[in-house]
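Below: one structure, written as C-alpha coordinates.
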Amino acid sequence: MAEQAPLAGQIKPSLVPPSSSFRLRSKSLNSVRLRRVFDLFDKNSDEYITVAELADALARLGLTTNPTELEFTVSGFVKPGAIGLDFNDFQNLHRTLGDALFGTDPINPENNTEEADMQEAFNVFDEDGDGFISAQELKTVLEKLGLGEGQSIDRVQLMICSVDKDSDGRVDFGEFKTMMKSIDVESS
(Lines give C-alpha, C1' and ligand atoms only; values in the text may rest on other atoms or scores of the structure.)
Protein backbone atom coordinates (compact mmCIF):
# COMPACT_ATOMS: atom_id res chain seq x y z
CA MET A 1 0.00 0.00 0.00
CA ALA A 2 1.32 3.46 -0.88
CA GLU A 3 2.42 5.61 2.00
CA GLN A 4 0.06 8.53 2.47
CA ALA A 5 1.48 12.01 2.41
CA PRO A 6 1.01 14.22 5.48
CA LEU A 7 -2.12 16.21 4.83
CA ALA A 8 -2.81 18.64 7.64
CA GLY A 9 -0.58 21.44 6.38
CA GLN A 10 -0.88 20.54 2.71
CA ILE A 11 -4.61 20.53 2.04
CA LYS A 12 -5.99 23.85 3.17
CA PRO A 13 -3.92 26.01 0.80
CA SER A 14 -4.83 23.90 -2.24
CA LEU A 15 -8.61 24.18 -1.87
CA VAL A 16 -9.60 27.79 -1.48
CA PRO A 17 -12.12 28.12 0.11
CA PRO A 18 -12.99 24.62 1.29
CA SER A 19 -16.65 23.78 0.91
CA SER A 20 -18.25 22.02 3.85
CA SER A 21 -20.52 20.21 1.37
CA PHE A 22 -17.47 18.12 0.40
CA ARG A 23 -18.00 16.04 3.52
CA LEU A 24 -20.62 13.39 2.74
CA ARG A 25 -21.03 11.75 6.14
CA SER A 26 -24.67 10.80 6.54
CA LYS A 27 -26.27 7.53 5.48
CA SER A 28 -28.33 9.39 2.89
CA LEU A 29 -25.16 10.80 1.32
CA ASN A 30 -23.27 7.52 1.15
CA SER A 31 -20.76 5.67 -0.98
CA VAL A 32 -23.30 5.27 -3.79
CA ARG A 33 -23.27 9.02 -4.22
CA LEU A 34 -19.49 9.13 -3.88
CA ARG A 35 -19.35 6.57 -6.69
CA ARG A 36 -21.46 8.91 -8.82
CA VAL A 37 -19.01 11.71 -8.11
CA PHE A 38 -16.13 9.39 -9.04
CA ASP A 39 -17.83 8.54 -12.34
CA LEU A 40 -18.38 12.23 -13.11
CA PHE A 41 -14.72 13.01 -12.45
CA ASP A 42 -13.53 10.00 -14.51
CA LYS A 43 -14.12 11.70 -17.86
CA ASN A 44 -12.69 8.91 -20.04
CA SER A 45 -14.41 6.12 -18.02
CA ASP A 46 -11.19 4.15 -17.53
CA GLU A 47 -11.95 3.57 -13.81
CA TYR A 48 -9.15 5.94 -12.75
CA ILE A 49 -9.20 9.61 -11.88
CA THR A 50 -5.98 11.27 -12.93
CA VAL A 51 -4.71 14.48 -11.37
CA ALA A 52 -5.70 16.29 -14.57
CA GLU A 53 -9.27 14.94 -14.37
CA LEU A 54 -9.49 15.87 -10.69
CA ALA A 55 -8.16 19.39 -11.33
CA ASP A 56 -10.66 19.83 -14.17
CA ALA A 57 -13.58 18.65 -12.01
CA LEU A 58 -12.59 20.91 -9.12
CA ALA A 59 -12.26 23.88 -11.48
CA ARG A 60 -15.76 23.22 -12.88
CA LEU A 61 -17.04 23.28 -9.30
CA GLY A 62 -15.33 26.64 -8.75
CA LEU A 63 -12.59 25.33 -6.44
CA THR A 64 -9.15 26.82 -6.93
CA THR A 65 -6.33 24.29 -6.84
CA ASN A 66 -2.56 24.50 -6.92
CA PRO A 67 -1.46 21.82 -9.42
CA THR A 68 1.74 20.99 -7.52
CA GLU A 69 -0.06 20.59 -4.18
CA LEU A 70 -2.85 18.61 -5.81
CA GLU A 71 -0.31 16.24 -7.40
CA PHE A 72 1.49 15.85 -4.06
CA THR A 73 -1.73 15.17 -2.16
CA VAL A 74 -3.16 12.71 -4.67
CA SER A 75 0.10 10.81 -5.22
CA GLY A 76 0.00 9.54 -1.64
CA PHE A 77 -3.23 7.69 -2.44
CA VAL A 78 -2.38 6.26 -5.86
CA LYS A 79 -1.20 2.65 -5.86
CA PRO A 80 2.26 2.04 -7.35
CA GLY A 81 2.05 1.59 -11.11
CA ALA A 82 -1.50 2.99 -11.36
CA ILE A 83 -2.28 5.96 -13.62
CA GLY A 84 -4.55 7.59 -11.05
CA LEU A 85 -7.01 7.02 -8.23
CA ASP A 86 -9.23 3.97 -8.47
CA PHE A 87 -12.54 4.11 -6.59
CA ASN A 88 -11.10 2.74 -3.33
CA ASP A 89 -8.24 5.25 -3.50
CA PHE A 90 -10.78 8.01 -4.15
CA GLN A 91 -12.82 6.95 -1.10
CA ASN A 92 -9.69 7.04 1.05
CA LEU A 93 -8.73 10.46 -0.29
CA HIS A 94 -12.27 11.77 0.31
CA ARG A 95 -12.34 10.45 3.87
CA THR A 96 -8.88 11.81 4.69
CA LEU A 97 -9.59 15.23 3.17
CA GLY A 98 -12.92 15.43 4.96
CA ASP A 99 -11.31 14.67 8.30
CA ALA A 100 -8.36 17.02 7.68
CA LEU A 101 -10.51 19.93 6.49
CA PHE A 102 -13.62 19.58 8.60
CA GLY A 103 -12.93 17.06 11.33
CA THR A 104 -15.72 16.21 13.70
CA ASP A 105 -17.22 18.37 16.39
CA PRO A 106 -17.06 16.46 19.69
CA ILE A 107 -18.38 19.47 21.64
CA ASN A 108 -21.55 19.84 19.54
CA PRO A 109 -22.31 16.37 18.16
CA GLU A 110 -25.55 17.64 16.61
CA ASN A 111 -23.34 19.44 14.08
CA ASN A 112 -22.33 16.02 12.76
CA THR A 113 -25.86 14.75 12.22
CA GLU A 114 -27.66 13.74 9.09
CA GLU A 115 -29.76 16.92 9.29
CA ALA A 116 -26.64 19.13 9.20
CA ASP A 117 -25.26 17.16 6.25
CA MET A 118 -28.57 17.46 4.46
CA GLN A 119 -28.56 21.23 5.03
CA GLU A 120 -25.02 21.44 3.63
CA ALA A 121 -26.13 19.60 0.50
CA PHE A 122 -29.20 21.84 0.16
CA ASN A 123 -27.00 24.94 0.43
CA VAL A 124 -24.93 23.80 -2.56
CA PHE A 125 -28.05 24.08 -4.72
CA ASP A 126 -29.54 27.17 -3.01
CA GLU A 127 -26.98 29.54 -4.51
CA ASP A 128 -28.75 32.77 -3.54
CA GLY A 129 -29.44 31.59 0.02
CA ASP A 130 -33.18 32.34 -0.07
CA GLY A 131 -34.15 28.93 1.32
CA PHE A 132 -35.41 27.56 -1.99
CA ILE A 133 -33.92 25.79 -4.99
CA SER A 134 -35.21 27.33 -8.18
CA ALA A 135 -35.08 25.70 -11.59
CA GLN A 136 -32.30 28.10 -12.61
CA GLU A 137 -30.23 27.26 -9.51
CA LEU A 138 -30.63 23.54 -10.16
CA LYS A 139 -29.73 24.04 -13.82
CA THR A 140 -26.57 25.96 -12.84
CA VAL A 141 -25.36 23.26 -10.44
CA LEU A 142 -26.11 20.46 -12.92
CA GLU A 143 -24.17 22.35 -15.61
CA LYS A 144 -21.21 22.84 -13.25
CA LEU A 145 -21.19 19.10 -12.63
CA GLY A 146 -21.25 18.44 -16.37
CA LEU A 147 -24.58 16.60 -16.23
CA GLY A 148 -26.71 16.51 -19.36
CA GLU A 149 -29.87 17.26 -17.38
CA GLY A 150 -28.56 20.81 -16.93
CA GLN A 151 -28.71 21.51 -20.66
CA SER A 152 -32.48 21.97 -20.80
CA ILE A 153 -34.48 24.29 -18.53
CA ASP A 154 -37.59 22.26 -19.45
CA ARG A 155 -35.95 19.07 -18.14
CA VAL A 156 -34.87 20.90 -14.98
CA GLN A 157 -38.39 22.24 -14.42
CA LEU A 158 -39.74 18.68 -14.71
CA MET A 159 -37.22 17.60 -12.08
CA ILE A 160 -38.40 20.42 -9.79
CA CYS A 161 -42.08 19.53 -10.36
CA SER A 162 -41.45 15.90 -9.42
CA VAL A 163 -40.57 16.92 -5.82
CA ASP A 164 -42.41 20.25 -5.49
CA LYS A 165 -45.24 19.22 -3.14
CA ASP A 166 -46.70 22.71 -2.67
CA SER A 167 -46.54 23.56 -6.40
CA ASP A 168 -44.73 26.86 -5.94
CA GLY A 169 -42.17 26.07 -8.67
CA ARG A 170 -39.23 25.63 -6.32
CA VAL A 171 -37.92 23.15 -3.80
CA ASP A 172 -37.78 24.04 -0.11
CA PHE A 173 -35.62 22.24 2.45
CA GLY A 174 -38.42 19.85 3.50
CA GLU A 175 -39.07 18.82 -0.10
CA PHE A 176 -35.32 18.41 -0.63
CA LYS A 177 -35.02 16.11 2.42
CA THR A 178 -37.92 13.99 1.19
CA MET A 179 -36.32 13.73 -2.22
CA MET A 180 -32.89 12.78 -0.82
CA LYS A 181 -34.37 10.14 1.49
CA SER A 182 -36.30 8.58 -1.42
CA ILE A 183 -33.11 8.50 -3.50
CA ASP A 184 -31.31 6.75 -0.63
CA VAL A 185 -34.01 4.08 -0.47
CA GLU A 186 -33.98 3.60 -4.25
CA SER A 187 -30.17 3.39 -4.48
CA SER A 188 -29.64 1.00 -1.54
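Screening ASP130, ASP99, ASP154 for residues that are modelled with pLDDT under 85, open to solvent by 40 Å² or more (accessible area, probe 1.4 Å) and either over 17 Å from ARG36 (Cβ atoms) or part of a loop (DSSP other than H, G, I, E, B) (or both) leaves exactly one candidate, ASP99.
For segment 51-85, taking the residues that are in contact with a strand residue (DSSP E or B) (Cβ under 8 Å, 6 or more places away or on another chain) and not in a helix (DSSP H, G or I), the one that is nearest to GLY146 (Cα to Cα) is identified as LEU63.
The values are calculated or read from the model by the stated rules, or taken from the named source; none is laboratory data. Everything numeric here is computed off the predicted structure, so don't read it as measured data. Cβ atoms come from the backbone with ideal geometry, glycine included; neighbour counts cover every protein chain shown. Side chains included, ligands, DNA and RNA excluded: accessible areas come from the protein's heavy atoms. Shrake-Rupley method; radii C 1.70, N 1.55, O 1.52, S 1.80 Å.
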